[in-house]
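Trainee: One structure follows; several queries about it will come next.
The values are calculated or read from the model by the stated rules, or taken from the named source; none is laboratory data. Computed from a predicted structure; not experimentally measured. Positions of Cβ are generated from backbone atoms using ideal geometry, with glycine treated the same way; all protein chains shown enter the neighbour counts. We work out accessible area using only protein heavy atoms, side chains counted, and drop any ligands, DNA or RNA first. Shrake-Rupley method; radii C 1.70, N 1.55, O 1.52, S 1.80 Å.
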Amino acid sequence: MIVPTQRAVALTLVAAPMALLLGVVRPDGWLLAVAWAAGVALLVLLDGLFAPRIRTNDLRIEGPGAVDVGGTVALAGATPGLAYAADVSAPLEPLPFSKREGNGLTYTATRRGTAKLSRIWARASGPLGLAYRQRSAATDDSIRILPDLRPVREQGMRQFLRSRQFGARIRPESGDGTEFQALTDFQPGMERRAIDWKATARHLSLLAREYRTERDNSVVFAVDCGRTMSEPVAGVPRIDRAVSAALLASFVALKSGDTVRLFGFAGRPTADSGSITGARGFATLHRTAAELDYDAQESNFTLSLVALDQRLQRRSLIILFSEFTDPTSAELMLGAAARMRKRHRLIFVLFRDIELEAFLEARPETADDVIRANVAHALLRERRIVIERLKRLGIDVLEAAPDDLALALAERYVRDRERP
């Protein structure tokens, strides 16, 4: 397709004042303006015909398959000399990329998700600059916007080294945990519950059981991607904070020799990494985290947790990131969690609502401040009711400030893993 440029349009518009001026000076002079416009149209056609042809192989854009949040993506056309444009879309607003910078295909990743390139345009200008050939083609290319791994690597390795407690044990894997290793003579300072009374009676010597940290545990990080988790807390969506905390804890778990699974759901299961072992498998979790997109619908806990239970082959530790607003909306969540509790161990991870706490602690100066404080008190009270019901079901609850949750979860995992 031949398209006129801005220069051709400007030259054509010159014919209008020219026709007006010639019509005043000489009534039959307006025909010169028509001839001018026709001449420009002919030049546009000829310029477009002499423009380089665009082949099917030219309609390709090369770029990275994945980029971290906050990074810059530069998309380059397959053929030098052609001008390219791309339609970058995403399921939800705001788009994963900001608008184009300058005339190049350069974008900035602003949030997690998958950016899809639905159509590509290529243009070739003619020698006079009055027209260009344009051709487009549909494409299904995509670019994954992944979480930034730098803080995960730094904090995760620090937490892993801290959990090893170098120098505190003669054997790094001995002393704590739940897996029996050997019988040893009871020494002062050991816990009395470690004494094996049957073995003591048989050998006529006070013997104690020595444990070691269990390995190859199954750990599942289930992230709720529904409407409530998509809302921000302290300026960042809850789901983004949950993904960062899950990646940090999964890094520590993989380094410790456990099996990790990342599972996302909203109205239905949306992402599943499968069982991952070994530190090299962290890249798979990183890619799966990009599929945990923001969803505007309510979460279906019954369907999603039943699907997760069917995929697990053995008893697992399920760390569930979720949020609720009141006891009524949490009923289905409580029922699904109670069923999962019969086979697995659950830890509910919640963000403290610091905004409601700020309303409650602020000094009221107007009547509106009093109303806000009362509403915040009622919402926090209902929240505590749901948390108490979870604890009565035998489900552990971890609640921390948004900025402190990632490290708090990693420390909780290490502590619970080595608990005898």
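Trainee: Name, by its number, the condition in (1) touching a Lys or Arg at 6+ places or on another chain (Cβ under 6 Å); (2) modelled with pLDDT of 90 or more that does not hold for residue 373.
Mentor: Condition not satisfied by residue 373: (1).
Trainee: Consider residue 48 carefully, then state whether it is part of a helix (DSSP H, G or I), touching a strand residue (DSSP E or B) at 6+ places or on another chain (Cβ under 8 Å) and surrounded by 12 or more Cβ atoms within 10 Å (Cβ to Cβ).
Mentor: When the stated conditions are applied, residue 48 passes them.
Trainee: Can you pull out every residue in the stretch 97-131 that is at pLDDT 65 or above and open to solvent by 30 Å² or more (accessible area, probe 1.4 Å)?
Mentor: 106, 108, 110, 114, 116, 118, 119, 121, 123, 125, 127, 128
Trainee: For the list (1) open to solvent by less than 90 Å² (accessible area, probe 1.4 Å); (2) at pLDDT below 90; (3) not aromatic (Phe, Trp, Tyr), I need the number of the one condition that residue 365 fails.
Mentor: (1)
Trainee: How about the stretch 352-369: which of its residues are more than 24 Å from the chain's Cα centre (by Cα) and not in a loop (DSSP other than H, G, I, E, B)?
Mentor: Selection gives 356, 357, 358, 359, 360, 361, 367, 368, 369.
Trainee: Now for a different question. Specify the residue that is most open to solvent (accessible area, probe 1.4 Å); the eligible residues are those in the stretch 328-351 that are more than 14 Å from residue 228 (Cα to Cα) and assigned to a loop (DSSP other than H, G, I, E, B).
Mentor: 342
Trainee: Would you confirm, using the coordinates I've provided, whether residue 200 is more than 30 Å from residue 258 (Cα to Cα), at pLDDT 85 or above, open to solvent by less than 80 Å² (accessible area, probe 1.4 Å) and hydroxyl-bearing (Ser, Thr, Tyr)?
Mentor: no
Trainee: Also, I was wondering about something else. Restricting to the stretch 289-336, and then to whatever is under 17 Å from the mean Cα position of the chain (by Cα), among the aliphatic types (A, V, I, L, M) and at pLDDT below 90, can you tell me which residue is nearest to residue 353 (Cα to Cα)?
Mentor: Among them, the one singled out is 296.
Trainee: Kindly check whether there is at least one residue in the stretch 44-56 that is at pLDDT below 70 and aromatic (Phe, Trp, Tyr).
Mentor: Initially, the stretch 44-56 is screened for residues at pLDDT below 70, giving none.
Within the stretch 44-56, none of the residues are at pLDDT below 70 and aromatic (Phe, Trp, Tyr).
Trainee: Is there a residue being more than 14 Å from the chain's Cα centre (by Cα) and more than 30 Å from residue 355 (Cα to Cα) anywhere in the stretch 226-233? Lay out the reasoning, then the answer.
Mentor: Filtering the stretch 226-233 down to residues more than 14 Å from the chain's Cα centre (by Cα) leaves 227-228, 233.
Still in the list and also more than 30 Å from residue 355 (Cα to Cα): none.
No, the stretch 226-233 has no match at all.
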